[in-house]
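A.B. asks: Next up is a structure, given as structure tokens.
The values are calculated or read from the model by the stated rules, or taken from the named source; none is laboratory data. The structure displayed is predicted, hence computed values, not measured ones. Here Cβ is always computed from backbone atoms with ideal geometry, including for glycine, and neighbour counts include all displayed protein chains. These accessible areas exclude ligands, DNA and RNA; they are computed on the full protein's heavy atoms, side chains included. Shrake-Rupley method; radii C 1.70, N 1.55, O 1.52, S 1.80 Å.
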Amino acid sequence: MIFTGWGTPLELLRMEVVQCDYEGRTVPEALREEVNSLWDEKDSMNFDAVDILYKGLEQLPRDPDFGYVQPNDLEGIRKERPDGPRQLGAAREADLLDKFHGAWTGRAAGCALGKPVEHMGIRGQLGMRGRKAIRTYLENRKHWPLDYFFSGADAGDKLTVFCPQSQRENIAYMEPDDDIHYTLIALGILEKTGPDFGWRDVANFWNSSLPYNVICTAESQAILNYNNAVPRASNFRDASGWVTSDYTSSNRNPYREWIGAQIRADGWGYACAGNPELAAEFAFRDACWTHRANGIYGEMLFAAIIAAAFVVNDPIELVGIGLSEIPNNCKLAEACRQGLTAASENDDFHGYMDWVEEHYGELHGVHTVNNALVVIGAMIFGQMDFHQSICRSVEGGLDTDCNGATCGSITGAVVGATAIDSSLVPPLNDTIRPSVIGFQEITMTALAERTLQVHLKVRDSKGF
């Protein structure tokens with residue numbers, strides 16, 4: 001039976017075909033045609049047929065010529081990673097509070113900047129790709145290049161932005177968004193459980209703190225799988241044997257290599273400032289029950305980058321540190337290495353993005369790999385300048401609020417709050433109003449103070 005979470009059973013089936021192809025599990029043409037024929041008759045959905053076809057997709061073997069090595073366990077991942085620094089030494093304690101404040105501020109500012117055009121960036125509008133639609137929207141309002149929050153003003157072009165509370169006419173705080181929620185959750189888990197948390201602690205914390213209607217794609221499917229497999233009554237006894245992370249991340253979850261885990265990296269990077277290996281391990285524990293392969297690696301990559309950003313400020317070096325914590329021969333690592341080469345061969349960010357669209361344009365707008373490339377390009381062409389890097393990341397389209405938030409988090413950690421000179425910061429009034437129970441309204445100043453305490457406990461416990 002298909003448990004519907006983010007999409008309908010038929011939508012999950014269609015996305016599973018795409019995911020099978022990406023994983024090197026070739027879908028026979030006859031099976032593909034059966035799926036397409038069901039889609040053509042979607043108004044009278046045959047649930048039994050959907051279920052049979054889904055089971056057929058699940059049984060497809062991987063092509064022996066699939067050239068990537070992409071383990072899903074931490075030991076296997078570490079065996080396949082290249083050499084790296086692992087630990088960079090503790091960041092200067094005297095600077096950490098300011099840097100944590102900068103990281104939280106950057107995450108919020110980048111998220112708020114990209115939030116109104118998230119749907120435009122992912123899906124495009126009026127026949128234009130997302131990046132082109134965003135540029136056209138801004139040019140029609142004489143706001144190109146992007147330098148401040150999006151206006152909701154009507155220019156008669158039929159292009160539409162969303163989230164009015166994050167538009168320049170109204171913005172007064174960081175409104176609820178999953179890119180902020182998961183960073184708060186990481187902080188909450190480390191405060192409650194400590195550095196020895198496991199993936200079930202994450203799932204249980206979601207159940208206690210995160211409304212289901214703010215959870216998306218892979219996360220929707222995973223928490224649904226978890227709760228269908230782990231009865232409510234199990235809270236009163238040991239439920240560790242009820243379900244595996246392989247099941248929760250894979251069962252009817254065609255989004256398992258999308259961006260959902262990548263946007264959850266930040267809290268682990270903050271807690272492990274200066275220790276990218278430990279940050280990547282924390283990220284693995286968080287990602288392994290919702291994602292597989294490159295979905296896991298995306299969170300590990302950026303957790304390591306963020307942890308390193310408290311010590312290192314060069315974007316190329318930061319990406320290299322991130323790559324040292326994921327398998328060398330995986331699709332994400334391959335794309336990042338190619339992206340670094342493309343960045344060196346292009347004169348500006350949009351020339352680089354032309355390359356991204358040419359080589360990775362077939363991926364969904366919220367896939368891990370293409371969005372990672374946007375952030376990397378924005379870091380490089382923005383020259384790690386807080387304001388310019390965030391603006392470039394949103395101009396790049398695709399998942400704009402996710403990429404703005406990640407880029408802001410990295411550059412904010414590098415410069416610290418007191419050195420930030422950006423018009424994106426004052427309108428937020430240092431305030432986040434999320435949809436996470438226990439964090440209904442909080443200042444970034446307070447979050448930085450709590451993050452510092454968590455970091456010091458992690459550092460003492462793990463000895464770095």
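A.B. asks: Only one of (1) over 23 Å from Lys99 (Cα atoms); (2) crowded, with 19+ Cβ neighbours inside 10 Å; (3) of a type outside the set (Val, Ile, Thr) is not met by Gly438, so which one is it?
C.D. replies: Only one criterion in (1) over 23 Å from Lys99 (Cα atoms); (2) crowded, with 19+ Cβ neighbours inside 10 Å; (3) of a type outside the set (Val, Ile, Thr) is unmet by Gly438, namely (2).
A.B. asks: Keeping to segment 17-44, report how many residues are in a loop (DSSP other than H, G, I, E, B) and either in contact with a strand residue (DSSP E or B) (Cβ under 8 Å, 6 or more places away or on another chain) or exposed (fewer than 14 other Cβ atoms within 10 Å of the Cβ) (or both). Working first, answer last.
C.D. replies: Step one: of segment 17-44, the residues in a loop (DSSP other than H, G, I, E, B) are 23-28, 41.
Among the residues that remain, those that are also either in contact with a strand residue (DSSP E or B) (Cβ under 8 Å, 6 or more places away or on another chain) or exposed (fewer than 14 other Cβ atoms within 10 Å of the Cβ) (or both) are: 28, 41.
Going through segment 17-44 one residue at a time, the tally reaches 2.
A.B. asks: Given the criterion on the phi > 0 side of the Ramachandran plot and not hydroxyl-bearing (Ser, Thr, Tyr), identify the matching residue among Gly89, Gly84.
C.D. replies: Details: Gly84 fails: on the phi > 0 side of the Ramachandran plot.
Going through Gly89, Gly84 in turn, the sole match is Gly89.
A.B. asks: For Gln338, only one of the following conditions fails: (1) without any contact (Cβ under 8 Å) to a residue 24 or more places away in the chain; (2) in contact with an Asp or Glu (Cβ under 7 Å, 6 or more places away or on another chain). What is its number?
C.D. replies: Gln338 satisfies all of (1) without any contact (Cβ under 8 Å) to a residue 24 or more places away in the chain; (2) in contact with an Asp or Glu (Cβ under 7 Å, 6 or more places away or on another chain) except (2).
A.B. asks: Moving on. What's the total number of residues in segment 324-354 that are in contact with a Phe, Trp or Tyr (Cβ under 7 Å, 6 or more places away or on another chain) and assigned to a helix (DSSP H, G or I)?
C.D. replies: Result for segment 324-354: 7.
A.B. asks: Here is a further query. Just to be sure, is Gly102 surrounded by 15 or more Cβ atoms within 10 Å (Cβ to Cβ) and assigned to a helix (DSSP H, G or I)? Let's see the steps before the verdict.
C.D. replies: Working: surrounded by 15 or more Cβ atoms within 10 Å (Cβ to Cβ): yes; assigned to a helix (DSSP H, G or I): yes.
Yes; evaluated as a whole, the condition is true for this residue.
A.B. asks: Okay, next question. State which residue is farthest from Ala133 (Cα to Cα) when the search covers only segment 322-374 and only residues that are crowded, with 24+ Cβ neighbours inside 10 Å and among the β-branched types (Val, Ile, Thr).
C.D. replies: Ranking the qualifying residues of segment 322-374, first place goes to Ile326.
A.B. asks: Separate question: Considering only residues that are assigned to a helix (DSSP H, G or I) and under 20 Å from Thr400 (Cβ atoms), which ones fall in segment 165-191?
C.D. replies: From segment 165-191, those assigned to a helix (DSSP H, G or I) are 165-166, 178-191; that's our starting set.
Listed by number, the residues that qualify are Gln165, Ser166, Asp178, Asp179, Ile180, His181, Tyr182, Thr183.
A.B. asks: Continuing with this model, one more query. Kindly indicate which of Ile52, Ile77 is of a type in the set (A, V, I, L, M) and exposed (fewer than 15 other Cβ atoms within 10 Å of the Cβ).
C.D. replies: Details: Ile77 fails: exposed (fewer than 15 other Cβ atoms within 10 Å of the Cβ).
The conditions single out Ile52.
A.B. asks: Residues that are more than 20 Å from the chain's Cα centre (by Cα): which helices (runs of 4 or more DSSP H) entirely in segment 369-464 hold 3 or more of them? Explain how you work it out, then say what you get.
C.D. replies: Numbers: elements: 386-395, 400-415, 444-462.
Correct list: 444-462.
A.B. asks: Within segment 153-186, can you find the residues that are in contact with a Ser or Thr (Cβ under 7 Å, 6 or more places away or on another chain), under 30 Å from Ala273 (Cβ atoms) and open to solvent by 10 Å² or more (accessible area, probe 1.4 Å)?
C.D. replies: Tyr173, Glu175, Pro176 - these are the residues of segment 153-186 that are in contact with a Ser or Thr (Cβ under 7 Å, 6 or more places away or on another chain), under 30 Å from Ala273 (Cβ atoms) and open to solvent by 10 Å² or more (accessible area, probe 1.4 Å).
A.B. asks: While we're looking at this one, here's another question. Can you tell me which residues in segment 261-287 are within 16 Å of the chain's Cα centre (by Cα), of a type in the set (A, V, I, L, M, F, W, C) and open to solvent by 10 Å² or more (accessible area, probe 1.4 Å)?
C.D. replies: Phe284, the sole residue that qualifies.
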